[in-house]
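Worksheet: the structure to be examined is printed underneath.
The values are calculated or read from the model by the stated rules, or taken from the named source; none is laboratory data. Bear in mind that the values here come from a model prediction, so they are computed numbers and not experimental data. Cβ placement follows ideal geometry from the backbone for every residue including glycine, while neighbour counts extend to all protein chains displayed. Remember, those area values only see protein heavy atoms, side chains included, never the ligands or the DNA or RNA. Shrake-Rupley method; radii C 1.70, N 1.55, O 1.52, S 1.80 Å.
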Number of protein chains: 2
Amino acid sequence: MTIKIGILGYGNLGRGVECGIRHNPDMELAAVFTRRDPESVKILTEGVKVYRASEAPEKKDEIDVMILCGGSATDLPEQTPEMVKYFNVVDSFDTHAKIPQHFDAVDAAARKSGHVGIISVGWDPGMFSLNRLYGNAILPGGKDYTFWGKGVSQGHSDAIRRVEGVIDARQYTIPVDSALEAVRSGSNPELTTRQKHTRECFVVAEEGADLKKIEETIVHMPNYFADYDTTVHFISQEELQREHGGIPHGGFVIRSGRTGWTDDNNHVIEYRLKLDSNPEFTSSVLVAYARAAYRLNKEGKSGCKTVFDVAPACLSPLDGKELRRSLL
Amino acid sequence: MTIKIGILGYGNLGRGVECGIRHNPDMELAAVFTRRDPESVKILTEGVKVYRASEAPEKKDEIDVMILCGGSATDLPEQTPEMVKYFNVVDSFDTHAKIPQHFDAVDAAARKSGHVGIISVGWDPGMFSLNRLYGNAILPGGKDYTFWGKGVSQGHSDAIRRVEGVIDARQYTIPVDSALEAVRSGSNPELTTRQKHTRECFVVAEEGADLKKIEETIVHMPNYFADYDTTVHFISQEELQREHGGIPHGGFVIRSGRTGWTDDNNHVIEYRLKLDSNPEFTSSVLVAYARAAYRLNKEGKSGCKTVFDVAPACLSPLDGKELRRSLL
């Protein structure tokens, strides 16, 4: 018997989940829900229907886990507590500062309905968070470092697009090699924002635009660029599409700490992701946690969970015996 | 109220656990048990007593978790099922092929006594296993790579010491950089044993020994060295002690796999450990899982567990709310 998955929201993330289900033979896509006109949404999986988002509650008996693929700014704060009334759900809520209140809202609704809701699943928050937790537990008194990139930051690309005279833009966040090496050496350096990352921008400008002014506006933009060493390259729309069409990302979580009676020995734990497609990797993590949501609910659990609360074995299609034999 | 820890076996690992407890303010060392004469064992923690191993059962009400620091060959197969009759226990059983039968023996005894026994805790098995499991769950259809080193292999050092004319030896296992790079590139290479690791040996020979013959014996030794490119250096006992006295180790677990409807995008997950002291890091993992054993038992759980069965949050002294706020 396969796990029946629903997808709410069919953008990059929703399509990534659809692809992820195809890689997991114990799951099947049951339905896709959209706020657009369902007739206008063409999905990849043959024979699966697209419904209006408002029709989701009617399908509650046909779906084991609903994967919520909306955005963190306005979609998920409403959708996750609402959908967990009808389904086990998984979301990728990633506004770090608002996780506590999102957790509380989902937890209250999930306990009432008897479902499991796993929030903030992906790579950061998600796999990076797990590695911070494991690192902190094993090396107490150590130091945490997170580096992002090389990868495309959607928020920073959008900020550039709002500059006068800019048609399109792509921004890469790049970790500074020498900072990474210093952290790996175990020297526990104090690093400023500027020392950890640089920002590289590829910008398509309107014909006749004041390029010097655009560059100045970008590199001095508060919050986004002012605290970084930023480079700006002006390129054509064709080059942008040809060379910068992908959505790669990744990064590093490093924990460094000492052990021994008088802190004699140093240890470095490094977790690194190198992702060709940020949304497809995030989707793959969502799909694995959908399996966990299904199982936890089958065991009689309910309420809101995060990656911290889920035993690793819950993520795998293999049973305990096979896991111990093949992966331990 | 602190968690009271007992240590059974006071070698490198037991002393590492003692140091680990000192780094975790929610724990205290309650007692050390040894098969040697307790009078002959001097520990680091003031005011804590050393008892005979045979006295352990009498102390069952004074210890929350017993950390078993014996060897996997002969100690743990007997000690873990025996000690779990009286205590929650954690061990670092690392004979991969015998984990299933060890699990069954510990599970039967632990269910009967109502205790929790977490086995095969450390870094491999342990943290490396966790990363294999997470990687397999997120990127199904991908490929796993494990590299060890640079680090001292005790078993290989011992094998060299048994060669005629050898007084002492230290063997380093070294991952091959070009193989690591090929794996990181996402090209999913097929690698032979020889392509993945080299072995470097530092040997102290008896005066007048046939060095050529010792070198030949080492590099052609079946199972240990014959399948590797091995280098042998002859050095003095003083140099061995001065330059090769530490027990560093570490390695890499890399999962590489593709996502997308037609496997369009590649992803690489890399977990790396760089450890100054193999036993002290293993001990630090044991101590974190002792916290989990204590908590799981408090929740009413019993039986044998591995790192796969323990939710990450169980390892941390912080509560769920604080974990979500600070590490998610």
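Would you mind checking the radius of gyration and Dmax of the protein assembly as shown based on alpha-carbon positions, in Å?
26.9, 88
Give the accessible area for A:GLU215 in Å² (nearest 10); use a 1.4 Å probe, count only protein heavy atoms, and leave out ligands, DNA and RNA.
Counting only protein heavy atoms, A:GLU215 exposes about 60 Å² to solvent.
Among the aspartates and glutamates, which fall within straight-line cross-link reach of B:LYS301, defined as a Cα-Cα distance under 15 Å, with same-chain neighbours fewer than 8 residues apart omitted?
Within the straight-line cut-off, B:LYS301 pairs with A:GLU299, B:ASP64, B:ASP107, B:ASP309.
Taking a quarter of the surface of the convex hull around the Cα atoms of segment A:1-135, what do you get in nm²?
8.8
Over chain A, what relative contact order in percent results from Cα pairs under 8 Å that are six or more residues apart?
Once divided by the residue count of chain A, the mean separation gives 21 percent.
Under the definition of Cα pairs under 8 Å and six or more residues apart, what whole-number percent is the relative contact order of segment B:48-89?
46
Would you mind working out the magnitude of the charge dipole of the protein assembly as shown relative to its Cα centre, with +1 at each Lys and Arg C-beta and -1 at each Asp and Glu C-beta, to the nearest 20 Debye?
In total the dipole reaches around 1560 debye.
State, to one decimal in nm and shortest first, how far the label point of A:PRO317 sits from each corresponding label point in the other identical copies (label point: 7 angstrom along Cα-to-Cβ).
Nearest first, the other copies' label points are 4.2 nm away.
Suppose you put the label 7 Å out from Cα in the Cβ direction; list, shortest first and in nm with one decimal, how far A:GLY47 is from each other copy's label.
Label point to label point, same position, other copies: 7.1 nm.
If you wrap a convex hull around the alpha carbons of segment B:74-125, what volume per residue comes out, as a whole number of Å³?
Taking only Cα atoms, segment B:74-125 has a hull volume of 59 Å³ per residue.
Can you tell which of B:ALA226, B:ALA97, B:ALA169 shows the greatest fluctuation in a Gaussian network model of chain B with Cα springs below 10 Å?
Looking only at B:ALA226, B:ALA97, B:ALA169, the biggest GNM fluctuation is shown by B:ALA97.
With only alpha-carbon atoms counted, please give the Rg and Dmax of segment B:212-264, in Å.
19.9, 61
If ligands, DNA and RNA are left out, what is the accessible area of B:MET83 with a 1.4 Å probe, given in Å² to the nearest 10?
20
Determine the calculated [θ] at 222 nm for chain B from helices alone, applying -39500 (n - 2.57) to every DSSP H run no shorter than 4 residues and normalising by the residue count; nearest 500 deg cm²/dmol.
After summing the helix terms and dividing by the residues of chain B, the value is -10000 deg cm²/dmol.
Taking 7 Å along the Cα-to-C-beta vector as the label spot, tell me the B:GLU39-B:ALA97 distance in nanometres, rounded to one decimal.
Using points 7 Å along Cα→Cβ, the separation is 4.4 nm.
How much of the pair distance distribution for segment A:188-293 lies past 21 Å, counting alpha-carbon pairs only, in percent?
Taking all Cα-Cα pairs of segment A:188-293, the fraction more than 21 Å apart is 62 percent.
Please state the shape class of segment A:244-289: rounded when a/c is under 1.5, otherwise prolate if a/b exceeds b/c and oblate if not, all from the C-alpha gyration tensor.
In terms of gyration-tensor shape, oblate.
So how long is each side of segment B:278-328 along the principal axes, counting just the alpha-carbon atoms, biggest first, in Å?
31, 31, 16
Would you tally the net charge around A:HIS220, using a Cβ to Cβ cut-off of less than 12 Å, leaving A:HIS220 out, and scoring K and R as +1, D and E as -1?
Residues close to A:HIS220 contribute a combined charge of -2.
If you average 1/r over all unlike Cα pairs in segment B:241-328 and invert the result, what Kirkwood radius do you get in angstrom?
Result for segment B:241-328 stands at 16.7 Å.
Three principal axis extents, largest first, for the C-alpha atoms of segment A:163-240, in Å?
50, 25, 15
Provide Rg over Rh for segment A:87-203; use the alpha carbon set for both Rg and the Kirkwood Rh (inverse mean inverse pair distance).
1.07
Taking the square root of 5 times each eigenvalue of the Cα gyration tensor, what semi-axes in Å does the equivalent ellipsoid of chain B have, largest first?
Largest first, chain B gives 35, 30, 17 Å.
Per residue, how much accessible area does the protein assembly as shown have with a 1.4 Å probe, in Å²?
Per-residue value: 42 Å².
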